[in-house]
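Before any comments, here is the structure.
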Number of protein chains: 2
Amino acid sequence: MTDQGTNLDPWYDSYADRTAGLSASEVRALFAVASRPEVVSLAGGMPFVSALPREMVMGSIEKVMRDNGPMALQYGSGQGTPALREHIMQIMAMEGIRGSADNVVVTTGSQQALDLVTRLFINPGDVILAESPSYVGALGVFRAYQADVAHVAMDDEGLVPQELRDTISRLRSEGRTIKFLYTIPNFHNPAGVTLSWARRLEILDICRSNGILVLEDNPYGLLAFDKPAPQAMRSVDDEGVIYLGSFSKTLAPGFRVGWALAPHAIREKLILANESATLAPNSFGQFVITEYLDQTDWRGQIDTFRGIYRERRDAMLAALGEYLPTMSWTKPDGGFFVWLTLPDELDSKAMLPRAVKELVAYTPGTAFYADGQGAHNIRLSFCYPTPESIRTGIARLATVINGELDLLRTFSGATLTSPVPTVSSAASSVGNPPPNTL
Amino acid sequence: MTDQGTNLDPWYDSYADRTAGLSASEVRALFAVASRPEVVSLAGGMPFVSALPREMVMGSIEKVMRDNGPMALQYGSGQGTPALREHIMQIMAMEGIRGSADNVVVTTGSQQALDLVTRLFINPGDVILAESPSYVGALGVFRAYQADVAHVAMDDEGLVPQELRDTISRLRSEGRTIKFLYTIPNFHNPAGVTLSWARRLEILDICRSNGILVLEDNPYGLLAFDKPAPQAMRSVDDEGVIYLGSFSKTLAPGFRVGWALAPHAIREKLILANESATLAPNSFGQFVITEYLDQTDWRGQIDTFRGIYRERRDAMLAALGEYLPTMSWTKPDGGFFVWLTLPDELDSKAMLPRAVKELVAYTPGTAFYADGQGAHNIRLSFCYPTPESIRTGIARLATVINGELDLLRTFSGATLTSPVPTVSSAASSVGNPPPNTL
């Protein structure tokens with residue numbers, strides 16, 4: 001907060017304690033930078049909505065306005081419309097979830113569901129367990145409610161159960177109150193990995209036996225590239241899991257419609273919190289989405305999205321192999337993100353201005369940790385740019401990375417007389433892999 | 001909370017302290033009851049969106065989808081679109097407000113702006129000053145953030161300045177921290193009165209000299225029936241006032257688009273809080289409203305709404321004069337609501353089930369107080385039902401009120417042998433004022 005701590009704000013002494021946790025995320029600052037057309041942005045998590053045929057949406061809107069205009073333009077209930085909630089149950093059935101539409105609460109994107117769940121459970125100083133790394137937007141919410149986040153290590157199969165046990169034991173021995181585990185089991189943001197089925201069961205068991213609620217955030221689950229993702233954790237535990245879903249990635253984020261499926265008692269409180277926060281989610285979006293799910297081949301459209309993102313993932317993995325062969329990165333089976341690990345001597349946040357100068361943007365790994373980790377990581381998004389742009393972007397990124405490494409080596413004096421060729425030339429002749437052996 | 005305090009909720013011990021303030025409002029319970037078609041609902045504050053020509057909205061939607069579909073379906077910024085914010089400045093200029101669109105933050109209805117401002121300023125136990133009575137939805141937000149509300153008396157000119165001074169002095173002498181004054185200066189919800197211009201200046205002066213922020217909530221300001229409302233408080237104080245506006249009453253609530261105009265430093269924090277809560281307000285609604293404001297005669301449409309609501313206000317005041325001539329009520333110059341005062345021996349909340357049995361619904365006065373006042377008051381909404389329904393509804397209400405009074409008199413034994421005729425017969429022959437002399 002640039003304003004905080006200065007004399008320019010006459011209300012400086014009036015703010016609530018929780019505003020200390022309010023700060024602009026790295027992602028936010030990047031949105032402004034990355035919006036310049038000459039920059040290849042591998043930073044944002046914007047879905048490629050241009051692949052959604054306009055007539056699929058217009059047809060739904062026209063029908064809503066013809067048949068239900070006054071209701072779609074009116075206030076709705078704080079829980080969301082019954083028709084949309086029934087559709088949501090059908091969508092979740094694809095991930096093995098059974099239950100009642102009575103326990104669904106429609107929210108202003110699943111971001112708001114995150115906010116409301118945190119509001120319901122977190123006193124200042126309570127602990128939330130989260131993957132290491134975790135979603136930047138969730139960390140922002142947790143901070144805004146003055147929670148402490150304890151990161152739990154992941155590997156290629158996702159959250160590591162033994163690490164979870166150890167973290168719980170440690171925190172309990174310190175007398176801390178753990179409220180819930182926040183997890184993104186499918187095509188993790190930002191890590192790109194998927195939690196295996198066996199681990200889902202094991203983690204549910206750990207949380208159940210410790211009285212810890214699971215907050216299962218699943219915006220990307222239907223965007224699997226090869227085989228379907230494992231079934232939802234909620235599919236085998238309806239009392240210990242709050243499941244969050246969203247139409248932002250399978251349809252469009254512009255309507256801001258997401259949902260929570262919660263145990264009954266929590267559901268009741270979520271509705272009240274939703275009413276307090278916004279009175280009700282927007283009726284218009286709910287009616288249009290209901291109509292869209294009723295009358296279009298939305299499953300076919302998700303297949304279209306899947307195909308587009310698969311091609312982009314492939315382009316990114318190929319370009320990484322070509323331009324940065326000595327680095328390591330995750331290989332996502334779906335979703336939007338690859339997690340790149342840099343050599344220890346590089347700082348991804350410090351390197352960002354140079355990257356933007358080279359016309360490529362990314363999100364530094366530090367954005368995805370509550371505790372300052374992540375300096376050697378980068379989240380790369382393949383959802384929005386074309387395969388060609390992705391290739392260009394990774395080539396530019398390699399130029400920057402290799403340039404930084406070169407500079408470090410120069411200053412350390414080790415290679416002052418024999419500089420390694422940077423990848424700049426390779427970036428302008430993308431057919432030739434750079435002689436990158438760093 | 002029916003679930004709280006029972007053994008049915010396994011998460012009972014996990015909730016945050018603030019959930020103690022979460023409870024279903026009277027208005028919420030009424031929405032369910034009042035939605036039965038045979039009930040005349042004088043309860044809700046739903047605008048009469050059927051008076052909005054479908055083609056005015058459809059034309060705007062078609063243009064958005066034709067010219068800006070992918071942007072309208074995409075995530076937007078946490079502050080809202082620049083184009084909409086510029087329009088909002090023009091709308092506020094009608095109330096004397098000058099300023100920069102940079103200081104506007106678009107929110108998910110102005111309800112969310114209330115939530116975010118409260119989030120920014122309130123620590124548990126802080127005091128918010130509010131009119132007596134005040135908007136039920138604001139009181140719910142304040143409770144959810146564990147604020148204490150101190151009501152300040154109103155009269156026919158709105159909030160009474162001397163009462164404000166006295167309340168501030170009393171609270172300060174008790175060592176309390178007062179964060180802001182929440183006020184609805186125009187066509188107050190629920191009281192129906194308008195704060196005079198002289199008092200606006202006086203109240204701003206009181207707040208300024210006491211370092212108290214003013215939260216000016218103005219959803220109804222453009223719905224004046226006879227002469228325009230006085231200019232906004234924000235028009236003469238741009239550092240001490242956060243102004244809240246909404247498209248819910250002048251266009252349609254189904255898009256959930258409202259806004260806050262805040263001093264610069266607060267604006268910055270509001271955007272961050274908005275991003276944390278929902279990432280961004282819905283793009284689709286913002287684009288459609290922008291187009292609507294660009295290409296339709298929206299001022300003419302507001303005139304249409306004004307005419308409709310004026311006619312309904314007239315119908316309600318006439319029916320009250322006819323059926324409940326000995327009671328007292330406010331005479332609103334705009335907006336949606338009349339505030340009715342019952343004889344002391346009646347309890348509006350206890351009477352409600354009987355009213356619903358007689359097929360009329362209203363909101364009991366207690367909903368509009370944080371401290372249990374309002375038992376002898378009723379909020380009557382004239383915004384949604386037709387003039388004929390309003391007349392029928394007031395007639396039914398008179399039946400109920402007179403029936404209750406009759407019953408009380410019977411039990412007190414005073415008139416056992418000479419019952420006063422109830423208004424039931426009058427309700428079925430609406431041309432004849434009932435011989436109501438209670």
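With A:Met94, A:Met65, A:Met71 as the choices, which residue is open to solvent by 20 Å² or more (accessible area, probe 1.4 Å), among the hydrophobic types (A, V, I, L, M, F, W, C) and within 14 Å of another protein chain (Cβ to nearest Cβ)? Break it down stepwise before answering.
Working: A:Met94 fails: within 14 Å of another protein chain (Cβ to nearest Cβ); A:Met65 fails: open to solvent by 20 Å² or more (accessible area, probe 1.4 Å).
Criteria check complete, one pass: A:Met71.
Which residues, counting only those in the stretch A:150-179, are in contact with a helix residue (DSSP H, G or I) (Cβ under 6 Å, 6 or more places away or on another chain) and within 14 Å of another protein chain (Cβ to nearest Cβ)?
A:Ile178, A:Lys179
Kindly list, by first and then second residue, each pair from a residue in the stretch A:250-264 that is modelled with pLDDT of 95 or more to a residue that is of a type in the set (Lys, Arg), limited to pairs with Cβ atoms under 9 Å and residues at least 6 apart or on different chains.
A:Arg256/B:Arg256; A:Trp259/A:Arg85; A:Ala260/A:Arg267; A:Leu261/A:Arg234; A:Leu261/A:Arg267; A:Ala262/A:Lys269
Any idea which of B:Gly285, B:Gly300 is touching a Phe, Trp or Tyr at 6+ places or on another chain (Cβ under 6 Å) and without any contact (Cβ under 8 Å) to a residue 60 or more places away in the chain?
Numbers: B:Gly300 fails: touching a Phe, Trp or Tyr at 6+ places or on another chain (Cβ under 6 Å).
Result of the check over B:Gly285, B:Gly300: B:Gly285.
Of everything in the stretch B:41-50, what is outside any loop (DSSP other than H, G, I, E, B) and in contact with a strand residue (DSSP E or B) (Cβ under 6 Å, 6 or more places away or on another chain)? Give them in sequence order.
Looking only at the stretch B:41-50, we keep the residues that are outside any loop (DSSP other than H, G, I, E, B), and these are B:41, B:49-50.
Answer for the stretch B:41-50, where residues must be outside any loop (DSSP other than H, G, I, E, B) and in contact with a strand residue (DSSP E or B) (Cβ under 6 Å, 6 or more places away or on another chain): just B:Ser41.
Which of the numbered conditions does B:Lys269 fail, given that it passes all the others? Conditions: (1) assigned to a helix (DSSP H, G or I); (2) open to solvent by 10 Å² or more (accessible area, probe 1.4 Å); (3) basic (Lys, Arg).
Only one criterion is unmet by B:Lys269, namely (2).
If I filter the stretch B:262-311 down to residues being among the charged types (D, E, K, R) and within 8 Å of another protein chain (Cβ to nearest Cβ), which single residue comes out as nearest to B:Thr118 (Cα to Cα)? Talk me through it step by step, then tell me what you get.
The initial filter retains those residues of the stretch B:262-311 that are among the charged types (D, E, K, R), namely B:267-269, B:275, B:291, B:294, B:297, B:299, B:303, B:306, B:310-311.
Checking the rest, the ones that are also within 8 Å of another protein chain (Cβ to nearest Cβ) come to B:268-269, B:275.
Details: B:Glu268: 15, B:Lys269: 12, B:Glu275: 15 Å.
So the residue we want is B:Lys269.
Filter the stretch A:388-409 down to the residues that are open to solvent by 30 Å² or more (accessible area, probe 1.4 Å) and closer than 30 Å to A:Ala51 by Cα and list them by number.
Hits for the stretch A:388-409 are A:Glu388, A:Ser389, A:Arg391, A:Thr392, A:Arg396.
Determine whether A:Gly80 is more than 9 Å from every other protein chain (Cβ to nearest Cβ), closer than 28 Å to A:Ser283 by Cβ, open to solvent by less than 30 Å² (accessible area, probe 1.4 Å) and among the small types (Gly, Ala, Ser). Spell out how you get there, then give the answer.
Numbers: more than 9 Å from every other protein chain (Cβ to nearest Cβ): yes; closer than 28 Å to A:Ser283 by Cβ: yes; open to solvent by less than 30 Å² (accessible area, probe 1.4 Å): yes; among the small types (Gly, Ala, Ser): yes.
Yes, satisfied.
What's the number of the only condition in (1) farther than 29 Å from B:Gly109 by Cα; (2) surrounded by fewer than 22 Cβ atoms within 10 Å (Cβ to Cβ) that A:Leu181 fails to meet?
Just one mismatch for A:Leu181, condition (2).
Here's a check for you: in the stretch A:97-144, which residue that is more than 14 Å from chain B (Cβ to nearest Cβ) and more than 21 Å from A:Gly78 (Cβ to Cβ) is nearest to the chain's Cα centre (by Cα)? It would help to see each step written out before you state the result.
Taking the stretch A:97-144 as the starting set, the residues that turn out to be more than 14 Å from chain B (Cβ to nearest Cβ) are A:97-101, A:104, A:130-134.
If we keep only those that are more than 21 Å from A:Gly78 (Cβ to Cβ) as well, we get A:97-98, A:130-134.
Numbers: A:Ile97: 22, A:Arg98: 25, A:Ala130: 13, A:Glu131: 12, A:Ser132: 13, A:Pro133: 11, A:Ser134: 8 Å.
Only one residue tops the list, namely A:Ser134.
Taking the stretch A:191-237 on its own, how many of its residues are touching a His at 6+ places or on another chain (Cβ under 9 Å) and either within 14 Å of chain B (Cβ to nearest Cβ) or in a helix (DSSP H, G or I) (or both)? First the steps, then the outcome.
So the first thing to find is which residues in the stretch A:191-237 are touching a His at 6+ places or on another chain (Cβ under 9 Å), and the list is A:194-195, A:220.
Narrowing the set further to residues that are either within 14 Å of chain B (Cβ to nearest Cβ) or in a helix (DSSP H, G or I) (or both) leaves none.
Qualifying residue count for the region: 0.
Of the numbered conditions (1) polar (S, T, N, Q); (2) in contact with a Ser or Thr (Cβ under 7 Å, 6 or more places away or on another chain); (3) free of Cβ contacts under 8 Å to residues at least 24 places away in the same chain; (4) not assigned by the TED database to the domain that holds B:Cys383, B:Ser328 fails exactly one; give the number of that condition.
Every listed condition holds for B:Ser328 apart from (4).
Could you check the stretch B:130-147 and list, in sequence order, the residues that are open to solvent by 20 Å² or more (accessible area, probe 1.4 Å) and aromatic (Phe, Trp, Tyr)?
B:Tyr135
Kindly establish whether A:Pro325 is open to solvent by 10 Å² or more (accessible area, probe 1.4 Å), in a loop (DSSP other than H, G, I, E, B) and either of a type outside the set (Ser, Thr, Tyr) or more than 14 Å from every other protein chain (Cβ to nearest Cβ) (or both).
Values: open to solvent by 10 Å² or more (accessible area, probe 1.4 Å): yes; in a loop (DSSP other than H, G, I, E, B): yes; either of a type outside the set (Ser, Thr, Tyr) or more than 14 Å from every other protein chain (Cβ to nearest Cβ) (or both): yes.
Yes: the conditions hold for A:Pro325.
Taking the stretch A:148-174, which residues are farther than 27 Å from A:Tyr362 by Cβ and open to solvent by less than 60 Å² (accessible area, probe 1.4 Å)?
Within the stretch A:148-174, A:Pro161, A:Leu164, A:Thr167, A:Ile168, A:Leu171 meet the criteria.
Report yes if some residue within the stretch B:286-309 is open to solvent by less than 20 Å² (accessible area, probe 1.4 Å) and not in a helix (DSSP H, G or I); otherwise report no.
Among the residues of the stretch B:286-309, not one is open to solvent by less than 20 Å² (accessible area, probe 1.4 Å) and not in a helix (DSSP H, G or I), which makes the answer no.
Residues that are more than 25 Å from A:Thr194 (Cβ to Cβ) and without any contact (Cβ under 8 Å) to a residue 60 or more places away in the chain: which helices (runs of 4 or more DSSP H) entirely in the stretch A:51-150 hold 2 or more of them?
Details: elements: A:54-72, A:82-93, A:109-121, A:136-144.
So the answer is A:54-72, A:82-93.
For every residue, the table says whether it meets (1) touching a Cys at 6+ places or on another chain (Cβ under 9 Å); (2) among the polar types (S, T, N, Q); (3) open to solvent by 10 Å² or more (accessible area, probe 1.4 Å).
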| residue | (1), (2), (3) |
| --- | --- |
| A:Trp339 | no, no, yes |
| A:Pro343 | no, no, yes |
| A:Ala361 | no, no, no |
| A:Gly365 | no, no, no |
| A:Tyr369 | no, no, yes |
| A:Gln373 | no, yes, yes |
| A:His376 | no, no, yes |
| A:Thr386 | no, yes, yes |
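Please work out if B:Pro385 is more than 18 Å from B:His188 (Cβ to Cβ) and part of a helix (DSSP H, G or I). Outline the logic, then answer.
Details: more than 18 Å from B:His188 (Cβ to Cβ): yes; part of a helix (DSSP H, G or I): no.
Answer is no for this residue.
Working only within the stretch B:1-35, note down all residues that are over 14 Å from B:Ala367 (Cβ atoms), outside any loop (DSSP other than H, G, I, E, B), open to solvent by less than 20 Å² (accessible area, probe 1.4 Å) and modelled with pLDDT under 90.
Scanning the stretch B:1-35 gives a single hit, B:Gly21.
Give the residue, chosen from B:Leu352, B:Leu346, B:Leu380, B:Leu359, that is among the hydrophobic types (A, V, I, L, M, F, W, C) and on the phi > 0 side of the Ramachandran plot.
Details: B:Leu352 fails: on the phi > 0 side of the Ramachandran plot; B:Leu346 fails: on the phi > 0 side of the Ramachandran plot; B:Leu380 fails: on the phi > 0 side of the Ramachandran plot.
B:Leu359 is the lone residue from the list that is among the hydrophobic types (A, V, I, L, M, F, W, C) and on the phi > 0 side of the Ramachandran plot.
Can you tell me which residue among A:Ala252, A:Ala232, A:Ala191, A:Ala198 is open to solvent by 10 Å² or more (accessible area, probe 1.4 Å), over 28 Å from B:Gly21 (Cα atoms) and among the aliphatic types (A, V, I, L, M)? Let's see the steps before the verdict.
Details: A:Ala252 fails: open to solvent by 10 Å² or more (accessible area, probe 1.4 Å); A:Ala232 fails: open to solvent by 10 Å² or more (accessible area, probe 1.4 Å); A:Ala191 fails: open to solvent by 10 Å² or more (accessible area, probe 1.4 Å).
Result: A:Ala198 is the single residue among A:Ala252, A:Ala232, A:Ala191, A:Ala198 that is open to solvent by 10 Å² or more (accessible area, probe 1.4 Å), over 28 Å from B:Gly21 (Cα atoms) and among the aliphatic types (A, V, I, L, M).
Determine which member of the set A:Glu239, A:Glu216 is free of Cβ contacts under 8 Å to residues at least 60 places away in the same chain, within 23 Å of A:Ser100 (Cβ to Cβ), in contact with a Pro (Cβ under 9 Å, 6 or more places away or on another chain) and surrounded by fewer than 21 Cβ atoms within 10 Å (Cβ to Cβ).
Of A:Glu239, A:Glu216, the one residue that is free of Cβ contacts under 8 Å to residues at least 60 places away in the same chain, within 23 Å of A:Ser100 (Cβ to Cβ), in contact with a Pro (Cβ under 9 Å, 6 or more places away or on another chain) and surrounded by fewer than 21 Cβ atoms within 10 Å (Cβ to Cβ) is A:Glu239.
The values are calculated or read from the model by the stated rules, or taken from the named source; none is laboratory data. All values reported here derive from a predicted model rather than from experimental measurement. Cβ coordinates were reconstructed from backbone atoms using ideal geometry, including for glycine residues, and neighbour counts include every protein chain displayed. Just so you know, the surface numbers come from the protein's heavy atoms only, side chains and all, with ligands and any DNA or RNA stripped out. Shrake-Rupley method; radii C 1.70, N 1.55, O 1.52, S 1.80 Å.
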